[in-house]
Each structure stands twice: as C-alpha cells, then as structure tokens.
Amino acid sequence: MPEHDTLRRFIFEKLPVQGRHVHLDASWRAVLERQEYPAPVRALLGEAMVAMALLSATLKFDGAITLQVQGNGPLHLLVVQCTSHLSLRGLARWHGDLPDSGLQKLLGDGRLALTIEPAGKGERYQSIVPLEGETLAACLEGYFQRSEQLPTRLWLTAGDDSTAGLLLQVMPERQRNPDAWQHVTVLADTVTSKELKTLSAEQLLQRLYHEEDVRLFEATPVAFRCQCSRERIEATLRSLGAEEMYSILREQSKVHVDCEFCGRGYDFDAVDVQTLFVPDAQSAHSGARH
C-alpha cells in the first residue's frame, strides 16, 4: 500500500547517490477542490506539486522553494510553492482549447524559474532557464544540469486521486562514480506510473534495488497549506499604489481580494485603504483585527 502525504529520504550506503520518494493524496485533492482543472492541466500541476515536495528537501534552512512556469501556449502559467516544513500550494492558469497532452503543446515557448526564499531577511535566489524538454521532469533535470551542475533525475506521475514521484541525485560530498549513477538510474527507468502511485517507498526500493544496501529514513508528512495572510495582501495592494486603490473604491465601495491558491477572501473598506497609505496609521493598524 502507498504511504499517504509523505516524503521519505534514502541513501545508498556504498554508492554516492541519495534519493527521495513522495506520495500525495489528501494534499493533492485539497488543491483540486479549489479549482476544476482540465485533465492535461491537472496532470502537469500534479507532477509539479510532487516535484516541489521532492526538491524542498534540498533546502538547508527555513524558507520556501517556488516553481513558476510561463509560456505562450494555452497553459500560460503554473505556480507551485513548497516550504521547508513541507507545506504545499499550487495553481495553474489557462485559456482556449487545450491539447490532450504534451508539455510543449501546452506551454509553447516559455521559461522555468525556481526561486528559493529564506524566511526572514535572508537573500532571495532565483534561477531562470528556457523551457526545454518533453516532460516537466526533463525540464527540471535540465535546470539542475545548467544551474547546479549536479546530476539529478526525476520520475513523476499524477492521477485524479493521488500523485507520486521519485528523485535520484548525486551526493556532491562523496566522490562521484559515473558507473554507479548509470546503474541506479537505469534501474529506476524501469519503474511504471502505477508502481509509483501504488507502492510504498520501502516496496519501491525493494523492487528496484534489492541487491543494494539502501538506508530509508522515517517519513515526513506533507500537507496542503496556504501562506496567505492579511498582511501579505496589504503589502500587495500597497505596491499597486493609492490611485489604483481609490479608483476601485469609487467603483465598488470596497476592495475585495481572493487568494488564488486557497480561495480565501479579504475585504478592505475606505478606512482600511486609507490606512494602507498613511505611514503613522500603518503601525497602529497592524495589530487591529477585521
């Protein structure tokens, strides 16, 4: 039986390779409950959710990693974020008719950006690469080859009820062994989508690497959780400027904002908007409740 909403890390004791396995079900369904996605968009978003959960384990600090894919195709935006505490959220935007499958057909010419944001005042890091590859996994592998020079492979699958994935990566602190890397990836290439979604991490590793000495670590829970807040929405509105905010007020008597990730709504009346642009009032208003 598969594990539910978990990430499990593993290492090969005698080979310079580490890996991670992720299985999402309730957290994936929580995303689908907030938006009805067409099948090809749903599949790609599910793969992206798994990929970000897998990559979040590379964070060595408290923060978040965000994937943003933009293109000129019918699927023009996909965003997924995962924190170092394995809180996931994601969304996609599309228009017009959608092809049944195919990354390039869905997204067209575009780019892939990975952003790493430490919590607090740490330095933000972003890397942008062209959208090249037939699958999202191939695009992310290309990112690691270009930006990190770190051999990395991903296997991703998404269904209506669950999504799952496997990541293998060379361990830079150990001496590299091309033969070992080829050995473990060739075996992983035999995994099927059904096995990824239905086998536990332990079963999958036994199926692929029963002749290897593999250490599997305890499971870490993954959950859908949005990081939106009134303070973050206020900062966004402030960036749009007073003129824009007062224009909306004149037309609608209030400013209403829905979080695109979780659907939570935020309302700002005339007093709230005025407070946004009065420096002395901002500090006094910060502790107020609405």
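The values are calculated or read from the model by the stated rules, or taken from the named source; none is laboratory data. It should be emphasised that the depicted structure is a prediction, and the values quoted were computed from it without experimental measurement. A quick note on method: Cβ atoms are made from the backbone with ideal geometry, for glycine too, and the neighbour counts reach across all protein chains shown.
General remarks:
- Selection of helices (runs of 4 or more DSSP H) fully inside segment 242-290 by the criterion of at least 3 residues being out of contact with any helix residue (DSSP H, G or I) (no Cβ under 6 Å at 6 or more places or on another chain), modelled with pLDDT of 75 or more and closer than 30 Å to ARG34 by Cα returns 242-252.
- In segment 78-102, the residues that are of a type in the set (Ser, Thr, Tyr) form Cβ pairs under 6 Å with partners that are assigned to a strand (DSSP E or B) and buried (at least 16 other Cβ atoms within 10 Å of the Cβ), at six or more places apart or across chains, as follows: THR83/ALA64; SER84/GLY63.
- Residue count for segment 89-136 under the criterion of being assigned to a loop (DSSP other than H, G, I, E, B), out of contact with any strand residue (DSSP E or B) (no Cβ under 8 Å at 6 or more places or on another chain) and surrounded by 15 or more Cβ atoms within 10 Å (Cβ to Cβ): the result is 2.
- For segment 1-33, residues that are surrounded by fewer than 18 Cβ atoms within 10 Å (Cβ to Cβ) and of a type in the set (D, E, K, R) total 4.
- Restricting the first member to segment 197-211 and to residues that are within 16 Å of GLY165 (Cβ to Cβ), and the second to residues that are surrounded by 19 or more Cβ atoms within 10 Å (Cβ to Cβ) and of a type in the set (Phe, Trp, Tyr), the beta-carbon pairs closer than 9 Å and six or more apart or on different chains are ALA201/PHE10; LEU205/PHE10.
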